[in-house]
Structure formats: structure tokens, C-alpha cells
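Notes to accompany the following structure.
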Amino acid sequence: MPFYEGIGLIAEKNAVVIELGSAFTKVGYAGEATPRAILPTPELPLDDEEALYDTLFELIHRVYFKHLLVNPRDRRVVILDPLIGPVSLKRALARVLFQHFEALSVLFAPSVLMPLVTLGRATGLVLDAGREEAVILPVYEGVPVLKAWKATPLAGSKAMQAEVGRLLQACTVKTNDGQIQPVAEAPQAQLADDTIVEDIQIRLCFVTDLERGLQLQKIRKDASQVSGLSSFLKKTVPAVTYPLPAGHTLLYVDGMTRESAAEVMFEPDEDGRTLASLLLDAIIACPIDMRRELVENVVIVGGTSMMVGFKARLFQEIKHLIKEENYYQEKMGVLVDQFKLHVTPTQANFASWTGASIFGATDAISTRSFTREMFLKEKIIPDWSDFRFNQLYVEEKPPT
């Protein structure tokens, strides 16, 4: 239980805060700075309603009775809700919490707003780089600017993980008998395990600067067109060894693999868009009076953003685009030196959870929550995309 609850002086017990991420689920109590537990998110069968219900039931049961050790009937719940997410997941989660665990109430907190709560800001440009994709959304005075929402799967950790796995096939391993073999010819390398590839990605890879990054992208396309290739390769970072689970086998990860794996996150997609261009497009999609305040309040969260060099490279890409592209020069030229990055008070991979923890410790938990009685009566959950919960639409709807 939370730290100050044992004395019994608090009338209402702290709410349970759950962030269901694409890679990891963070759980803990409202009012605390960090999650009590971070566990892998299971594969969610969104197309099968009953299978989804069963999967979520097992996950929430483990959260309550293994990690938090509390009675679910005594607690309100705060769920981080992605604005553009599957409604079926939200509906199944509400069914599990209300019908089976009989939670008192559920508050769906917009995940894109929560990093700003940790900073005490109402306006900012939020970039959430997760496993599946990177999402960009401006927020002005607490209101998300939905028309400026942008997302790309190339800047997600999953895309880079696939690139790391491909590059590792060109590396070598040292077997138990001292022989050096290519990874492709060494079955004991066991690189098919995604956990190993992900660990190599986190521990050994990094994001290089813009100048070397552009050279690496040219090498990936056609190395013969790159001048001074030999001298460029000599300046790369040194190779390192990574111990594999199979006995005493060592994997030699060369410097090029460590440095170039992250380039997939900054290369243009099929439409010529990059992470930097999407961020600028999101700002341009907002009214001109908002733009200066947005560029001065950039917030970057998500596990992928914790890679060494990620944030510095992103800002280099932004300034390069503004100076080199006429379109961005015209729209954003006067703001090129105004970009400022907020540093969240907690680690970027659970900054959204911490914001929800703070939000769940305020009066909002009682005034904005959706109670179990309301759910059992209506059998629906509030959602911004549902006109039944849009008060403006209900008031202006013409009589039938």
C-alpha cells in the first residue's frame, strides 16, 4: 500500500494507476512518483472480443493480487487512455474492471496530457516514442489539437529492433572451441530470440549526429557513391562483445551496426516524411498564434526517446529541415532558434504514468470518474469520439 496510508487518517484510499503500453504495462498508486511494477504487456487479440477479455482479466488479476496486493473493490482506478486507440480495448478493460473486479470507478486520463501534468504546464508539443510508433500531438491550454495529430511507425522501437536483427547477421561469433564464425553459420548464436536483439539494441546501440547519420544513410543505399568511405569507417566506434546464452559464445557487434541501426528512425518513409518533418507539420497545422508557445514547450517521452543521442539528433534534424527546405523556411523560419525541450522529473519511459499518478491524487478522481453504477446501468463508456458524450453535439442536434 502507499507510504502514508497505514495510519488510517486518509478517508479514501489511493487509486490504482495503470498504463497499458504496447511493450510494457506500468502499475502503481496515485500520489507516488514511480510505478510499483513494470511488466511485459501480453499480445492483445483486438479482433476477438472474448479472447481479449480473457487476456485482460489475467493481466489485471496479476496486477491486483501479485504486484499490488490490494482488494480491487476498495480502489478507484486511473487508466491512461490513448486518444487514437482501439475502442474495443477500452470497452473490454472497463468490463473486466467493473463486472469482475467490481472497481469503484474508472478515470480514463488522456495519455498525451499526462507528461504535461508532471511539468505543471497546460501547453506543449508532446512526442511519445514507443515501441510500435511515435505519436506527435500539440496540446494548448489543456486541449489536444486533434487535427495536428501525427504518427509514424518508423520511429518506433519495433522498427529499429528489426533493423538491429538484420545488421547482426553480418557480425561474427566466437564459439566455445575458439573459432570465429559468421552469425549466419553459427546456429548457437540464437539471434532469433527477440529478447536478445532488444537487449543488444538497448545496451549497445546509439543515435549518431546528423552529419554522420546522412553519410550512413547514403552507405545503406549505395556505398559506391560515398566518397572517403574508408576514412569514414575508420572513425566509427569500436566493436564490443556481447555474451550469448549458449555456453560461452561471444557475439562481436561491430561499430557500424551499433551506430547505423538507429538510422531507420530518421530515414524518410514512402511518402518522404521523417520524424522531424512530422513534428514540424504538427506545429504548422496549428493556428499561427499557438506556434511560438508550442516550440518553446516540447516534451519528449517514451522508452525509445531514452536512446543515447535521440533528442539531440531530432533537434538537429528539425533545424536542418527549416534551413534547407523552402516550405519550412517560410512557415517556421522565425522560430528556428526558439525550440526548447522540457526535461521531465521522472524517466521518459514512465513520465506519462507519473503524470496520471499526480492527476489521480487530485479532486479529478472523484469529479471525472466513471462509476460502476453508471456502467452497469448504461453498459457504455465515455469516449470523445462518441456523440452521445459530446454535450455540444447533443445541445445543437436538430429535432427529429
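Each reported figure results from applying straightforward, stated rules to the coordinates on display, with no laboratory input. Since this is a predicted model, take the numbers as computed values, not measurements. In this analysis, Cβ positions are derived from the backbone assuming ideal geometry, glycine residues included, and neighbour counts consider all displayed protein chains.
Subtracting the Cα-Cα distance from 0.36 nm times the residue separation, let me have the gained length for residue 185 to residue 337 in nm, one decimal. Kindly include the intermediate steps, with their values, before the conclusion.
Numbers: separation 152, 0.36 × 152 = 54.72 nm, distance 5.08 nm.
Additional length available on full extension: 49.6 nm.
Once the Cα gyration tensor of segment 63-166 is diagonalised, what are the square roots of 5 times its eigenvalues, in whole Å and ordered largest first, as equivalent ellipsoid semi-axes? Provide the component values of the computation, followed by the final result.
Working: eigenvalues 163, 84, 35 Å².
Taking √(5λ) for each Cα gyration eigenvalue gives 29, 21, 13 Å.
Name the residue, out of 96, 106, 237, whose mean-square fluctuation peaks in a Gaussian network model built on the chain with Cα pairs under 10 Å.
With Cα springs under 10 Å in the chain, the top fluctuation among 96, 106, 237 is at 237.
Any idea how far apart residue 46 and residue 366 come out in nm if each label point goes 7 Å out from Cα toward Cβ?
3.7
Can you give me the angle between helix 49-62 and the longest principal axis of the chain, using Cα atoms only, in degrees from 0 to 90, rounded to the nearest 10?
Roughly 90 degrees, rounded to the nearest 10.
Please give, to one decimal in nm, the separation of the simple spin-label points placed at residue 100 and residue 83, each 7 Å out from Cα toward the Cβ.
3.1
If Lys and Arg each add +1 and Asp and Glu each add -1, what is the summed charge of the other residues whose beta carbon sits under 14 Å from the beta carbon of residue 271? Show your work: numbers first, answer last.
Details: positive: 150, 273; negative: 267, 269, 270, 281.
Here the count lands on -2.
Taking only C-alpha pairs under 8 Å that are 6+ residues apart, what is the relative contact order of segment 27-152 in percent? Working shown, then result.
Values: 151 pairs, mean separation 20.4, N = 126.
About 16 percent, as a whole number.
At 7 Å along the Cα-to-beta-carbon direction for both residue 123 and residue 175, put a label point, then send me their distance in nm to one decimal.
Going by the 7 Å Cα→Cβ label model, 6.5 nm.
With both partners inside the chain, how many of the DSSP beta bridges are antiparallel, as a percent to the nearest 5?
The antiparallel fraction comes to roughly 70 percent.
Would you mind calculating the relative contact order of the chain from Cα pairs under 8 angstrom and at least 6 residues apart, reporting the percent as a whole number?
On the way: 669 pairs, mean separation 83.2, N = 400.
Relative contact order for the chain comes out at 21 percent.
To the nearest 20 debye, what charge dipole does the chain have about its Cα centre, counting +1 at the Cβ of each Lys and Arg and -1 at the Cβ of each Asp and Glu?
Values: 41 positive and 51 negative charges, 150 e Å.
Around 720 debye, computed over the chain.
Under the rule of -39500 (n - 2.57) per DSSP H run of 4 or more residues, summed and divided by the residues of the chain, what mean residue ellipticity at 222 nm is obtained, to the nearest 500 deg cm²/dmol? Spell out each step's value before the answer.
Working: 16 runs with 142 residues, N = 400.
Rounded to the nearest 500, it is -10000 deg cm²/dmol.
Cut-off is 10 Å between beta-carbons; in what order do 26, 147, 319 appear when sorted fewest neighbours first?
If I rank by nearby Cβ atoms, fewest first, I get 147, 319, 26.
Using the charge dipole of segment 64-117 (Lys, Arg: +1 at Cβ; Asp, Glu: -1 at Cβ; taken about the Cα centre), state which of 107, 86, 117 has its Cα farthest towards the positive end.
After comparing all options, I get 86.
Mind checking which of 175, 28, 159 is farthest towards the positive end of segment 24-177's charge dipole, using Cβ charges of +1 (Lys, Arg) and -1 (Asp, Glu) about the Cα centre?
Working it through, the farthest residue towards the positive pole turns out to be 28.
At 0.36 nm per residue, minus the direct Cα-Cα distance, what do residue 73 and residue 218 gain on full extension? Give it in nm, one decimal, please. Show your work: numbers first, answer last.
Working: separation 145, 0.36 × 145 = 52.20 nm, distance 5.83 nm.
Between residue 73 and residue 218, full extension yields 46.4 nm more.
What is the diffusion coefficient of the chain in µm²/s, taking the Kirkwood radius over Cα pairs and the Stokes-Einstein relation at 10 °C with a viscosity of 1.306 mPa s? List each step's numbers first, then the result.
Numbers: Rh = 23.4 Å.
In µm²/s, the coefficient is 68.
Note the full-extension length gain between residue 284 and residue 374 as 0.36 nm times their separation in residues minus their Cα-Cα distance, in nm to one decimal. Write out the running numbers ahead of the final one.
On the way: separation 90, 0.36 × 90 = 32.40 nm, distance 4.05 nm.
So the extension gain works out to 28.3 nm.
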